[in-house]
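Data block below; observations after.
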Amino acid sequence: MVMGDTVLLEDEVNLAMFVALESGQSVAALHNHCFFDHPRLFFMHIEGEGSVEHLASSVRLLYDKVREFRTAHPTAADSFLKPTLPDISTITADPLNKIFRSSGEVNEGVIKFTFGRPAKQHGVAIDSTMGVNTWVAFAGSDENAVVDGDFVVTENDLRPALKSLREAGINIVAIHSHMIGEEPRVVFFHYWGRGPAQSLAQSIQKALPATAATPAKPRAGVR
């Protein structure tokens, strides 16, 4: 088996994650280790099992691809270099409601969907209102939108959910736990994407089966 950390700049993270997942590795965590670091650094924890040759070559491929990217782009990017979002959000809710088979909460042109999953912590049932949920929020316009939110998945479902979103070009920005002593053990990952709202929604919907999520009851306000 192989385990370790890879230290990455912000614009290297999702390339490295894609290469790791495609070569059969699992990504167990993504987070910062420092305050006030310049440039900003992220630590991506990887693990995998297999022959020594396969593991070594897959890790080497990850580093080679990051090195190729950094050589081609010597200055680290400080944004996703996408068109500026409109000042006022005007996302059309109906097409997204149909994609998610749920009615999103609308607040000033921003639309949000929340999907809860059952869990227990210290023997007490906890649900979506306690934060055990996958949520998806859209802002911008129908053709120029941003999506962000959390996924909550079991440890076994983490890799397929990450792989599904990375294959769709959705950026993963953090992977970590939110609780101690929960049953089943769950992991949260935060994501961010840009593009047409319906395309983004379809990409998120494709990954939802890995969450065993069900639409949560509507709540006031948008998180």
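The values are calculated or read from the model by the stated rules, or taken from the named source; none is laboratory data. Keep in mind that this is a model prediction, so the values were computed, not measured. With ideal geometry, Cβ positions are generated from the backbone for all residues, glycine too; neighbour counts draw on all protein chains shown. Accessible surface is based on the protein model in full, side chains and every heavy atom, while ligands, DNA and RNA are left aside. Shrake-Rupley method; radii C 1.70, N 1.55, O 1.52, S 1.80 Å.
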- [ ] Go over the candidates VAL124, VAL173, VAL132 one by one and state the one that is modelled with pLDDT of 95 or more and either closer than 28 Å to GLU49 by Cβ or not polar (S, T, N, Q) (or both).
- [x] VAL173
Open item on the list: Please count how many residues of region 79-103 are open to solvent by 100 Å² or more (accessible area, probe 1.4 Å) and among the polar types (S, T, N, Q).
Closed with: 1
Open item on the list: So for region 109-120 (the condition being in contact (Cβ under 8 Å) with a residue 40 or more places away in the chain, open to solvent by 30 Å² or more (accessible area, probe 1.4 Å) and of a type in the set (Ser, Thr, Tyr)), does at least one residue qualify?
Closed with: no
- [ ] Tell me which of these PHE188 doesn't satisfy, since it passes every other one: (1) loosely packed, with under 15 Cβ neighbours inside 10 Å; (2) out of contact with any helix residue (DSSP H, G or I) (no Cβ under 7 Å at 6 or more places or on another chain); (3) more than 18 Å from ALA145 (Cα to Cα); (4) not hydroxyl-bearing (Ser, Thr, Tyr).
- [x] (1)
Task: Test result for PHE42, assigned to a strand (DSSP E or B), modelled with pLDDT of 95 or more and within 15 Å of the chain's Cα centre (by Cα) - done: yes
Task: Which numbered condition PHE43 fails, given (1) open to solvent by 50 Å² or more (accessible area, probe 1.4 Å); (2) under 13 Å from ILE172 (Cα atoms) - done: (1)
Open item on the list: Against the condition hydrophobic (A, V, I, L, M, F, W, C) and open to solvent by 60 Å² or more (accessible area, probe 1.4 Å), how does MET130 come out, does it pass?
Closed with: yes
Open item on the list: Return the residues of region 2-21 that are closer than 23 Å to VAL186 by Cα and not β-branched (Val, Ile, Thr); say none if nothing qualifies.
Closed with: MET3, GLY4, ASP5, ASN14, MET17, PHE18, ALA20, LEU21
- [ ] Only residues that are out of contact with any helix residue (DSSP H, G or I) (no Cβ under 7 Å at 6 or more places or on another chain) and under 14 Å from ILE204 (Cβ atoms): list them for region 140-166, please.
- [x] VAL146, ASP148, GLY149, ASP150
